[in-house]
Amino acid sequence: MSSVLEKPHDVLPGRFAWLMGLYAENYHRLNRMFAPGSLAVGSYLSSLDDGLDVRLDVLERHRYTLDLHLTYCFVDGETGELAPSAQLRMYHDAHMAEVMHCHADRRLSRAIGPLRPARSIFQQRLRMSSFLNRWVEYLAEQGHSIGTLEPLTGASANASLLVPAPEIPRRATG
């Protein structure tokens, strides 16, 4: 027992190992939920009765990678962008999913409080991967799956599916 306490670095993963673990977990969660590797390039919509439709765009497919865009069908009124949204790259050979970019609604940021700027690229990647991990877990718990995913074609893939984001109450201070 004392050898464990003397060498905690042998028991606990390092920061880089923790990030790589998140990448792997995100890959497997995405695969279980939407099986994006089996989808053709295009846009898909997962719709439940809760009004929180999720859009998955398969952007590019390469031999070892798959580029995706995951978002709710909400438009940030201040920026005009879909929010929250994440640009993802799945690495089939390494079984990892990396978040390339994340966008959160500014009203959501105001409601939960601003995050301090990341001190490093590593910290930023850790935050984005943690966000994706929690978000994908939440989506799966709500019932989103390959079974709820429908392809969007032609006119149905346009902006008419997008709705203004609902109002988010501000966090109480004091």
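The values are calculated or read from the model by the stated rules, or taken from the named source; none is laboratory data. This is a predicted model, so every value here is computed, not measured. We place every Cβ from the backbone using ideal geometry, glycine too, and count neighbours over all the protein chains shown.
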For the range 118-157, what are the residues that are among the aromatic types (Phe, Trp, Tyr) and modelled with pLDDT of 90 or more? 135, 138
The correct count of residues that are part of a loop (DSSP other than H, G, I, E, B), surrounded by 12 or more Cβ atoms within 10 Å (Cβ to Cβ) and at pLDDT 85 or above in the range 1-57 is 5
One residue from 89, 32, 61, 55 being more than 23 Å from residue 127 (Cα to Cα) and of a type in the set (Lys, Arg): 61
Restricting the range 13-35 to residues that are aliphatic (A, V, I, L, M) and in contact (Cβ under 8 Å) with a residue 60 or more places away in the chain, the residue that is nearest to residue 94 (Cα to Cα): 24
Looking only at residues that are closer than 15 Å to residue 48 by Cα and exposed (fewer than 15 other Cβ atoms within 10 Å of the Cβ) in the range 128-141, which one is farthest from the chain's Cα centre (by Cα)? 141
Residue satisfying all of: in the range 86-117; modelled with pLDDT of 85 or more and small (Gly, Ala, Ser); farthest from the chain's Cα centre (by Cα) among these: 94
